[in-house]
Amino acid sequence: MTMAQIGATPRGGVCRLALTDEDREARDLFVRWAQDAGCAVEIDQIGNIFIRRAGRDPALPPVMTGSHLDSQPTGGKFDGVYGVLAGLEVIRTLNDHHYVTQHPIEVVVWTNEEGSRFAPSMVASGVFAGEFSLEYGLSRTAIDGTTLGRELDRIGYAGERPCGGQPVHSYFEAHIEQGPLLEAQDCVIGVVQGIQGQRWFDCTVQGVESHAGTTPLPHRRDALLGACRVVQAVREAAASQAPSGRGTVGQFIVHPNSRNVIPGRVAFTIDLRHPEDGPLVMMVEAVRETMDRVCAEMDLTGDMHEIWYQPPTSFDRSCIDTVSHAASALGLSSMPIISGAGHDAKYLAQICPTGMIFIPCKDGISHNEIEDASQEDVEAGCNVLLHAMLARAGA
Ligand code: GLV
Ligand code: MN
Ligand code: MN
């Protein structure tokens, strides 16, 4: 709740876009808390923050957890922050009990998980895992033209530590579910099996600006009307792969955005998701067909450029079992679940055994200022995280 005061919005949420002053303030507070807990703090070249609690053997790779402190423009108090602070609480608890693990414990704040200010999502855990180059990560550009690298420098979080190349023993991430499934089953812990696939596109539809009062309907080349037909196709493509298909147009920029000018150009994004690759590809093809057909019919030019592909991910069997055993040892109800949202755990899964722990959120609502989770569930997830990490870190 203290962290949620940074970037607090009037409706009870958080606006802490990646690498803004609010993000810097949240990072500073986290670093202060980490130092108070006796941790060593390191920042890497893309601004990921690593805090470390030493283990018995410094040569061993860390058992790692983490998530993100950045938020959506109308984000909630829990998305990301929960996983970061759950990790800190694990360290504080071990401190309270003077418990020494064999492996070091690390908690990481991953830069720009949301992908709202700088696309794509999870870019910094992606660099850490070797999916993207550092140059690619630093050159991601916001809508106002500034780059991720420039903003990192500005807020003082461009660190020295090389990004990636460090072995990780195993990675766990605690997160709110961000959907309704756990609540519907009255279940406290989601044992996450993997993350659904995701494809992101930058699109434009180009027409011709002209006068709203004088241009007869047959003469119009209305980019907005064409783009709206593509938006409808996105929804229909997702529905054609029910119940798992997801399709969203979340960003829409109309040019010149004047009430008496027929729009000449529209730029927009498409986010398509499905747990399986085959249906995901079919969704993409269906939207592309509509884009081509609509543009041909309406004398427009369309472009649908894929900027990000995140294949469906399965987590490591032994980490899944570790989470499941921790939940049952603590007497908590649990169920297997596939993540609908993207998480940094996706990229960590490419380099080390990885698992995730979900807790319910109120009415399944997230990416919304009213996002909420109960104190009991927050504590339960944190306990599962503690025991899962201990099982891997060794006494
Ligand atoms: C990350 O928040 C996502 O879009 O899944
Ligand atoms: Mn998140
Ligand atoms: Mn999010």
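The values are calculated or read from the model by the stated rules, or taken from the named source; none is laboratory data. As the structure is a computational prediction, the values presented were derived from the model and not from experiment. All Cβ positions, even for glycine, are placed from backbone atoms using ideal geometry, and neighbour counts span all protein chains on display. Side chains included, ligands, DNA and RNA excluded: accessible areas come from the protein's heavy atoms. Shrake-Rupley method; radii C 1.70, N 1.55, O 1.52, S 1.80 Å.
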Taking Ser133, is it crowded, with 18+ Cβ neighbours inside 10 Å and under 30 Å from Ile253 (Cβ atoms)? no
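Among residues belonging to the stretch 138-157 that are part of a loop (DSSP other than H, G, I, E, B) and surrounded by 20 or more Cβ atoms within 10 Å (Cβ to Cβ), point out the one that is farthest from the chain's Cα centre (by Cα).
Tyr157
This table checks each residue for (1) at negative phi; (2) among the small types (Gly, Ala, Ser); (3) surrounded by fewer than 19 Cβ atoms within 10 Å (Cβ to Cβ).
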| residue | (1), (2), (3) |
| --- | --- |
| Tyr309 | yes, no, yes |
| Pro312 | yes, no, yes |
| Ser318 | yes, yes, yes |
| Val323 | yes, no, no |
| Gly331 | no, yes, yes |
| Ser334 | yes, yes, no |
| Ile338 | yes, no, yes |
For the stretch 169-208, which positions are surrounded by fewer than 23 Cβ atoms within 10 Å (Cβ to Cβ), within 16 Å of ligand 3 (Cβ to nearest atom) and closer than 30 Å to Leu300 by Cβ? Trp200
Name the residue that is nearest to ligand 3 (Cβ to nearest atom), counting only residues in the stretch 100-130 that are more than 17 Å from Gly83 (Cα to Cα), crowded, with 24+ Cβ neighbours inside 10 Å and of a type in the set (Val, Ile, Thr). Val123
Residues of the stretch 271-293 being under 20 Å from Ala223 (Cβ atoms) and touching a Lys or Arg at 6+ places or on another chain (Cβ under 8 Å), in sequence order, are Thr290
Suppose we keep only residues that are farther than 21 Å from Ala174 by Cα and of a type in the set (S, T, N, Q) within the stretch 117-142. Which one would you say is nearest to ligand 1 (Cβ to nearest atom)? Thr141
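If we only count strands (runs of 3 or more DSSP E) wholly inside the stretch 181-290, which ones have 1 or more residues that are touching a residue at least 24 places away in the same chain (Cβ under 8 Å) and closer than 30 Å to Asp377 by Cα?
Because the criterion is at least 1 residues that are touching a residue at least 24 places away in the same chain (Cβ under 8 Å) and closer than 30 Å to Asp377 by Cα, the strands (runs of 3 or more DSSP E) in the stretch 181-290 that meet it are 189-195, 197-206, 246-248, 265-274.
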Please work out which one of (1) open to solvent by 20 Å² or more (accessible area, probe 1.4 Å); (2) assigned to a strand (DSSP E or B) is the condition Asn368 fails and give its number. (2)
Residue identified as touching a Leu at 6+ places or on another chain (Cβ under 7 Å) and modelled with pLDDT of 95 or more among Met283, Met291: Met283
Selection within the stretch 325-376 - under 16 Å from the mean Cα position of the chain (by Cα), among the small types (Gly, Ala, Ser) and within 16 Å of ligand 3 (Cβ to nearest atom): Ser339, Gly340, Ala341, Gly342, Ala345, Ser366
